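Trainee: Before I ask anything, let me first share the structure, which is written out below as structure tokens.
The values are calculated or read from the model by the stated rules, or taken from the named source; none is laboratory data. From a predicted model like this one, the values you see are computed outputs, not experimental measurements. No Cβ is skipped: glycine too gets one built from the backbone with ideal geometry, and neighbour counts run over all protein chains shown.
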Amino acid sequence: MENVSFPYLSLVTFAPLVGAAILLFMNRENQTAMRWVALITMLADLAISLFAYAAFDSTSATMQLRESHVWVREWGISYKMGIDGISLFLILLTTLLGPIVILASWEDIRLRVKEFLVCLLVLQTGMIGVFVALDVFLFYVFWEVMLIPMYLLIGVWGNPARKLYAAIKFVLYTIVGSLLMLVAILTLYYMAGNATGTYTFDLLKLYEFPVPLQAQFWMFLAFFLAFAIKVPMFPFHTWLPDAHTEAPTVGSVVLAAVLLKMGTYGFVRYAIPLFPNAAVDAAWWVCLLAVIGIIYGAWVAMVQDDVKRLVAFSSVSHLGFVMLGMFAFTTQGVQGSILQMINHGLSTGALFLIVGMIYERRHTRLISEFGGLSKVMPLFAIFFMIVTLSSIGLPGLNGFIGEFLILLGAFRVYPWYAVIAASGVIFAAVYMLWMFQRVMFGQVTNAKNLGLKDMSSREVAVLLPIVVFIVWIGVYPNTFLQPMEPAVKNFIRQVETKRTAILSLEKAKKEAVADPASSVKLTASWPTSRQSGGEKQEAR
Amino acid sequence: MIDLVWLIPCLPLVGFLINGLIGRRFSEKTIGWIAAAAIGIPFLIALSIFSELIRMAPASRSVQKIVFTWILSGDLNVPFGLLVDPLSMVMMLVVTGVGFLIHVYSIGYMHGELGFRRFFCYLNLFVFNMLVLVSANNFLLMFVGWEGVGLCSYLLIGYYYEKQSAADAGKKAFVVNRVGDFGFLLGMFLIFVTFGTFSYTDVFAAAGEKLAQGGLMVTMITLLLFLGATGKSAQIPLYTWLPDAMEGPTPVSALIHAATMVTAGVYMVARCSVLFALAPISLTTVAVVGGATAFYAATMGVTQYDIKRVLAYSTISQLGYMFLACGVGAFASGIFHLMTHAFFKGLLFLAAGSVMHAMSGELDMRKMGALRKKLPYTHWTYLFGTLAIAGIFPFAGFFSKDEILFYSLQRNLGFWLIGAVAAVITSFYMFRSLFMTFYGESRVDPETAHHVHESPPYITVPLVILAFLSLVGGWIGLPILPGAHVFTAFLDPVFAPAKHILDAGHHADHPSVVLELALMALSLGIAIVGLLGARWAYLTDPSLPGRVIAQIRGLHTLVYNKYWMDEIYDFLFVNSIVSLSRFLWKRFDEGVIDGIVNGAASVMRGSGSLLRLVQTGLIKDYALSILVGVLAVIGYLVLR
């Protein structure tokens, strides 16, 4: 049995579900009480995650706060959880946004409040579950679970005109990817099981299994499609603008801030370490798509008339940076990539909240409907400006640290990609500042904008925590970089050792085919724990 | 005292935070003086550090203070560290000194403006960033200040955000600067790949051994850094934002777009003097771009009627001189001109602001004239500024400009020639603006004339101080007399390594005193030619400019419209990318990709509908299909 700690992770995962259960028994007339229950649940969840953070040893690269219980023994399915420096901050991001989205929806959502809150809480459980799961089966369950509440959020509370199209597009896109991933997971499960004799979904055990090169290619491809759609990478991104535009404000916030990170996290935790050879071989192509995404997203964002759609396309650009850094496989690149996941969650989440605030007031998102809002909403202008600057990567704010590390990390491997990606920084300034100018500056030309109220204290409470972190990460990023560094270094090392080990194994196998006499030597060359596996493979 | 250097950048930040967070109920005076004190106290600290610095041995005048570790990732370690050496000292003194005067001026100038507090917040934030820029001990931190000043410039240009042109100008400044920053960023990447650090001292110390002289790497690094400099310091090809930046309030033009921020590029090139010295191609590029800009911008200055725009083009032109100096290896002269320029150009802008203040916001010099009686302080100070920039002995500009021309001639006759021609034009357009504004016949419309009045002491006192500095500022750099060039001697430890590299090829022969004197006389003559030309055209025979323009209408139109550079850039870059983006969005995103996605869905739906035809729900249809099936199976079995 493994060392099992206090179940922080189970608590942080399922606390929202408890809140959802309480909500089910409440009177649907009493909306305020329900909102308070949801808010308190989310705050409690945040508190638990902070305790988990306190218990986390930031100098260690191993999986911590582990929990392990047998779930379905005969299939090797277990309830296994654990976090390292990579997942730690994604969980904290998720729990930080929890109370924020409840608060943000306080006045926005009037219809089916109970169901809405339940959806948000279930979604929260699904998302945290994805980040803490260390069993592939468990991971897949959470992955699919979170699809349903998100589908409902868009389809029920979305923008009436096109919400169904957007919701179905979102689900179908994701499902196509996740089904391919399921096939790959099962293939991996049987392949590893057949080879080693123990059938297991335990991720850490599967890490140790050397997948043959040919199989790696196909399985990586399947995982790649699943995650690339989720990220979304160019050219699998077209569900995103629709989903974002039609979703209610908090739907967009959660979608952008956390759901997209499932894809990038999936790469770090699953696709790359499981299939390192295929991942490294594909890196050049993945980076190419990432760089195209950076420029393409920025350009298309520039010509949008709808603020939300603009922010959606900016996500395509920003996540291109995340993918570029990750597939550079350098410390700075990967660290920047993970930090940028957090940054994007904060700044794009905040942007959607901001768009939501003016949408609530005017019921339109068309840039041309606005203009001169700085005059009528000065406080709002300050928040909007800070978030805009964060999004365009101004030094001193969070976006710069992530983008800089990514570009530096990528420059050492793919200088030309980094050069092109760096030019994306120019376009980011163009589309964001142009949008900001058209919405906030100039005269108030539309009489409807004259009477707009400035931010309420509830709205300040929604944005202030995000802005605090935007500044914090920009000024003192070490709070975040230090705990993730061991895990990141471990990730890179793991990929490299496993990759070379598989290469030498394959080479030995080829020689063995040519010269059967040397097959004895080959099994000995493979690290001890996998010896039996090697023999089994040989036997087949 | 030197340990307190971190206070110099931090106090302006404190000022920003105080006014920004709790200043809502403060009176104008309180806000203004908090902001001014946040710059004034750092000036005093800088002075005392300066006095400490000059008591140290010249070789040891370089002190680093690490405040905290900023970014730590793998082998990347970037501290928030400050560097005190003669170069950063000069910059800190100029920024805080001139900055303080402009803050005081602004208290009077911005009186009654709606966004008074916002203005001072931005101004303090700007000075914070500027001080980070000049006192950072590594490239990345310099870049923080670099982008930060760009942000403040954006915010302050767009201060009157309700005005479309102001908002446009702010955005243009930011975006054009970002193009330059792109170069800076790539230059930094190359530096890190080569040296594994961003620290100045480490990079410059290792430059000699890690970079081949004239090699590809050092040339690329320096050219990319220089691209950054052309953005911030408004040189060809990235100068177009600066004239538009005049949309900002005048103190902003004085502080940011004349005295401090725009000189950041010059500071950066001077800071990297070792790297540039190793790259002759880059040095020549710097000199050529600087010289060309000095001339090109001066020609545009001649045709403008807006007093602030004249000064804007003159700023671009003067910055060109500074780059010319750096390009010919006379880094100290470049910094010398940077300093004197901060005095006299700051002064000219502030005086122009005082004119504007008196004229109810009028900027068109065609509607001015004969203002010297009504605005005596403004007139005298503007006169001092003009004499200084035109290079009339013994004003500050004479010494610094003469030095640049002198070193240019040593390098190449062509550089001297372009500098000298630009000097004639400079003298001409500056006296033109002086005469059109303060002399001749009054063209002020009677309504405005009624209100014309001299500005309050908040405005005139800073003017007088700057006028004084414009006169004496050059005396710390007297030529010829041995040991009299205190300024160059002070900066020598910073530029000695670069000088060493540059002199290695050919031994420097000391120019004769006669040649130096002759050149000085020639410079003075050049300035006076410009003066007399302007006097003739704008005082003696005011109809002359009109006749000349009629003669060369085509050329005049070309120059008056700024060579249509804005339109060309718009056409080449802005419009083409926007149309391409629209195409990508409509045709590719919604056409191709969504076409495939929706197409796949349609195929599914289509095949589903086809299959549905079978599901009629009528028993006789099902019976028929069973019959067909049975027959088919039997047929198959029979015929097998």
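Trainee: Those residues that are at the interface with chain A (Cβ under 8 Å from one of its Cβ atoms) and more than 14 Å from the chain's Cα centre (by Cα), I need them from segment B:126-154; list them, please.
Mentor: Passing the criteria: B:140, B:144.
Trainee: If you don't mind, there's one more thing I want to ask. Is it true that some residue in segment A:392-405 is closer than 28 Å to residue B:79 by Cβ, aromatic (Phe, Trp, Tyr) and at pLDDT 90 or above? Walk me through it before giving the result.
Mentor: Taking segment A:392-405 first, the residues closer than 28 Å to residue B:79 by Cβ are A:392-405.
With aromatic (Phe, Trp, Tyr) added as a condition, the list becomes A:400, A:404.
Then drop every residue that is not at pLDDT 90 or above, which leaves A:400, A:404.
Yes, some residue in segment A:392-405 is closer than 28 Å to residue B:79 by Cβ, aromatic (Phe, Trp, Tyr) and at pLDDT 90 or above.
Trainee: Pick from segment A:296-329 the residues that are of a type in the set (Val, Ile, Thr) and crowded, with 24+ Cβ neighbours inside 10 Å: which of them is nearest to residue B:585 (Cα to Cα)? Write out each step before concluding.
Mentor: Filtering segment A:296-329 for residues of a type in the set (Val, Ile, Thr) gives A:300, A:303, A:307, A:311, A:316, A:322.
If we keep only those that are crowded, with 24+ Cβ neighbours inside 10 Å as well, we get A:300, A:307, A:311, A:316, A:322.
Working: A:300: 6, A:307: 15, A:311: 14, A:316: 13, A:322: 22 Å.
Only one residue fits best here, namely A:300.
Trainee: Of the residues B:204, B:182, which is at pLDDT 90 or above, assigned to a helix (DSSP H, G or I) and more than 10 Å from every other protein chain (Cβ to nearest Cβ)?
Mentor: On the way: B:182 fails: more than 10 Å from every other protein chain (Cβ to nearest Cβ).
Going through B:204, B:182 in turn, the sole match is B:204.
Every residue, every condition in (1) more than 30 Å from residue A:192 (Cα to Cα); (2) surrounded by 19 or more Cβ atoms within 10 Å (Cβ to Cβ), yes or no:
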{"residue": "A:65", "(1), (2)": "no, yes"}
{"residue": "A:69", "(1), (2)": "no, no"}
{"residue": "A:74", "(1), (2)": "no, no"}
{"residue": "A:81", "(1), (2)": "no, yes"}
{"residue": "A:90", "(1), (2)": "no, yes"}
{"residue": "A:94", "(1), (2)": "yes, yes"}
{"residue": "A:99", "(1), (2)": "yes, yes"}
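Trainee: Out of everything in segment A:73-91 that is part of a strand (DSSP E or B) and in contact (Cβ under 8 Å) with a residue 60 or more places away in the chain, what residue ends up being farthest from residue A:483 (Cα to Cα)? Steps first, answer last, please.
Mentor: Going through segment A:73-91, the residues part of a strand (DSSP E or B) turn out to be A:77-83.
Pick out the ones that are also in contact (Cβ under 8 Å) with a residue 60 or more places away in the chain and you get A:77-78, A:80-83.
Values: A:77: 30, A:78: 28, A:80: 22, A:81: 19, A:82: 15, A:83: 12 Å.
Checking each candidate, the answer is A:77.
Trainee: Among the residues of segment A:322-331, are any assigned by TED's automatic domain parsing to the domain that holds residue A:398, among the hydroxyl-bearing types (Ser, Thr, Tyr) and under 17 Å from the mean Cα position of the chain (by Cα)? Show your work before the answer.
Mentor: If we filter segment A:322-331 for residues that are assigned by TED's automatic domain parsing to the domain that holds residue A:398, which is where we start, we get A:322-331.
Adding the requirement that they be among the hydroxyl-bearing types (Ser, Thr, Tyr) leaves A:330-331.
From the residues that got through so far, the ones that are under 17 Å from the mean Cα position of the chain (by Cα) too are none.
Checking segment A:322-331: not a single residue is assigned by TED's automatic domain parsing to the domain that holds residue A:398, among the hydroxyl-bearing types (Ser, Thr, Tyr) and under 17 Å from the mean Cα position of the chain (by Cα).
Trainee: Within 14 Å of chain A (Cβ to nearest Cβ), surrounded by 24 or more Cβ atoms within 10 Å (Cβ to Cβ) and part of a helix (DSSP H, G or I): is that true of residue B:188 in this structure?
Mentor: Taking the combined requirement at face value, the residue satisfies it.
Trainee: In the list A:253, A:286, which residue meets the criterion of being at pLDDT 90 or above, over 27 Å from residue B:175 (Cα atoms) and in the same structural domain as residue A:364 (by TED's automatic domain parsing)?
Mentor: Numbers: A:253 fails: in the same structural domain as residue A:364 (by TED's automatic domain parsing).
Answer to the check: A:286.
Trainee: Can I ask one more? Can you name every residue in segment A:143-159 that is touching a residue at least 40 places away in the same chain (Cβ under 8 Å) and assigned to a helix (DSSP H, G or I)? Quick ask: steps written out before the conclusion?
Mentor: Initially, segment A:143-159 is screened for residues touching a residue at least 40 places away in the same chain (Cβ under 8 Å), giving A:143, A:146, A:150, A:153-154, A:156-159.
Matches in segment A:143-159: A:143, A:150, A:153, A:154, A:156, A:157.
Trainee: Next question, about the same structure. Report every pair of residues separated by at least 6 positions or lying on different chains whose Cβ atoms are under 9 Å apart, first residue within segment B:291-308 and within 17 Å of residue B:351 (Cβ to Cβ), second in a strand (DSSP E or B).
Mentor: That search, which allows pairs on different chains as well, returns B:306/B:364; B:307/B:364.
Trainee: Now, a different point. So which residues in segment B:207-218 are modelled with pLDDT under 90, part of a helix (DSSP H, G or I) and either crowded, with 19+ Cβ neighbours inside 10 Å or in contact with a Ser or Thr (Cβ under 7 Å, 6 or more places away or on another chain) (or both)? Show your work before the answer.
Mentor: Keep residues of segment B:207-218 that are modelled with pLDDT under 90, which gives B:207-215.
Right, trim to part of a helix (DSSP H, G or I) and you get B:207-210.
Scanning segment B:207-218 gives B:207, B:210.
Trainee: Now a separate question. Working only within segment A:439-464, note down all residues that are in a helix (DSSP H, G or I) and either at the interface with another protein chain (Cβ under 7 Å from one of its Cβ atoms) or buried (at least 19 other Cβ atoms within 10 Å of the Cβ) (or both). So that I can check it myself, show each step before the final result.
Mentor: Keep residues of segment A:439-464 that are in a helix (DSSP H, G or I), which gives A:439-440, A:447-449, A:457-464.
The answer is A:439, A:440, A:449, A:459, A:462, A:463.
Trainee: A further question on this structure: In segment A:301-333, what count of residues is obtained for those that are among the aromatic types (Phe, Trp, Tyr) and either within 11 Å of another protein chain (Cβ to nearest Cβ) or assigned to a helix (DSSP H, G or I) (or both)?
Mentor: 2
Trainee: I want to confirm something. Restricting to segment B:55-72 and keeping residues that are exposed (fewer than 12 other Cβ atoms within 10 Å of the Cβ) and either within 14 Å of another protein chain (Cβ to nearest Cβ) or touching a residue at least 24 places away in the same chain (Cβ under 8 Å) (or both), which single residue is nearest to residue B:87 (Cα to Cα)?
Mentor: Narrowing segment B:55-72 to residues exposed (fewer than 12 other Cβ atoms within 10 Å of the Cβ): B:55, B:57, B:59-60, B:68.
So of that shortlist, the ones also either within 14 Å of another protein chain (Cβ to nearest Cβ) or touching a residue at least 24 places away in the same chain (Cβ under 8 Å) (or both) come out as B:59, B:68.
Working: B:59: 13, B:68: 23 Å.
Taking the candidates together, the pick is B:59.
Trainee: Pairs, please: C-beta under 6 Å, at least 6 apart or cross-chain, first residue within 23 Å of residue B:581 (Cβ to Cβ) and assigned by TED's automatic domain parsing to the domain that holds residue A:392 and in segment A:422-450, second of a type outside the set (Gly, Ala, Ser) and part of a loop (DSSP other than H, G, I, E, B)?
Mentor: As it stands, the answer is A:428/A:392; A:429/A:392; A:432/A:392; A:439/A:370; A:441/B:161, since those pairs meet every condition given.
Trainee: Let me ask something else about it. Select the helices (runs of 4 or more DSSP H) contained entirely in segment B:494-597, then report the ones holding at least 2 residues which are surrounded by fewer than 12 Cβ atoms within 10 Å (Cβ to Cβ) and within 14 Å of another protein chain (Cβ to nearest Cβ).
Mentor: Numbers: elements: B:513-535, B:544-551, B:553-560, B:565-569, B:576-583.
Counting at least 2 such residues, we get B:576-583.
Trainee: Tell me yes or no: at least one residue of segment A:182-193 is at positive phi, more than 14 Å from chain B (Cβ to nearest Cβ) and modelled with pLDDT of 85 or more.
Mentor: Narrowing segment A:182-193 to residues at positive phi: none.
Checked against the condition, which is being at positive phi, more than 14 Å from chain B (Cβ to nearest Cβ) and modelled with pLDDT of 85 or more, segment A:182-193 yields no hits at all.
Trainee: Please determine whether any residue of segment A:439-452 is modelled with pLDDT of 90 or more and charged (D, E, K, R).
Mentor: No, every residue in segment A:439-452 fails to be modelled with pLDDT of 90 or more and charged (D, E, K, R).
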